[in-house]
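Each reported figure results from applying straightforward, stated rules to the coordinates on display, with no laboratory input. Predicted model only: the values in this text are computed from it and were never measured. In this analysis, Cβ positions are derived from the backbone assuming ideal geometry, glycine residues included, and neighbour counts consider all displayed protein chains.
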Amino acid sequence: MSWFHLFLFLHIVAAIIAFGPTFAFPLIAGLARKQPMHMSFALQTIEVLEERLVVPFVLTMPISGLLMAFNIGIEWQHNVWLIAAICVYVVAVTFSVTVQAPTVKKMLAMMSGGAHGGAPSMSPVPAGPGAASAGPPPAFLALAKRMQMGGMALSVAFFVIVVLMIWKPGGNI
């Protein structure tokens, strides 16, 4: 086995470990919407997976990727697809770290009655006779919508990178 194959193996394994769990995030959030009393647990689960699994493995990928590229002596000017994939990766990681992660933290703070005001009422049952279901406050719902839209954008970015890495349009590797 060559160094290139070792770096390729590490790169692909890191991608599977990093991005695999992210496809479960919408399922976790969907269950939390159906059972609001578990919203805090769902958000904590997503946060822990992001901080301890997704982000660390995502951040190893440029190392293994560059080691592969330099190992085979890639000609950057003939592989614009790779530069495009790297650019999409940088934008996606930056967005994930600067927008998505803080959004989850804000939602958790709201759940615990932290700096963003009292804990949202997640009770699916009315407070009393004739009362309407309280539900979470609009600020919490806006953050949830932002997180959902951001997650979809990150999924699109992931698929763009995968297509570029597999198809290699205009590349000569």
_Nearest 10 degrees, 0 to 90: helix 138-167 Cα axis against the chain principal axis_ = 20 degrees
*How far is helix 101-111 tilted, in degrees, relative to the longest principal axis of the Cα atoms in the chain, given as a value from 0 to 90 rounded to the nearest 10?*
10 degrees
*Extending each Cα 7 Å along its Cβ direction at H5 and L59, get the distance between those two points in nm, one decimal.*
3.2 nm
*Give the order of K106, K145 when sorted by the count of other beta carbons within 10 angstrom, beginning with the fewest.*
K145, K106
*May I ask which residue of W76, H11, F158 lies farthest towards the positive end of the charge dipole of the chain, with charges of +1 (Lys, Arg) and -1 (Asp, Glu) on Cβ and the Cα centre as origin?*
F158
_Tell me the net charge near M147. Cut-off is 13 Å between Cβ atoms, M147 excluded, with +1 for each Lys or Arg and -1 for each Asp or Glu._
+3
*How big is the charge dipole of the chain about its Cα centre, in debye rounded to the nearest 20, if each Lys and Arg gets +1 on its Cβ and each Asp and Glu gets -1 on its Cβ?*
400 debye
_For K34, give me every one of the aspartates and glutamates with a C-alpha distance below 20 angstrom, ignoring sequence neighbours fewer than eight places off in its own chain._
E47
*Calculate the spin-label point distance for V90 paired with Q44, positioning each point 7 Å from the Cα along the beta-carbon direction, and give it in nanometres.*
3.8 nm
*Looking at [x] 9, 37, 38, 15, 2, 0; [y] 9, 32, 26, 16, 10, 4, 1, 0; [z] 10, 38, 41, 11, 0, which value of P(r) over Cα pairs in 10 Å bins from 0, in percent comes from a calculation on the structure shown?*
[y]
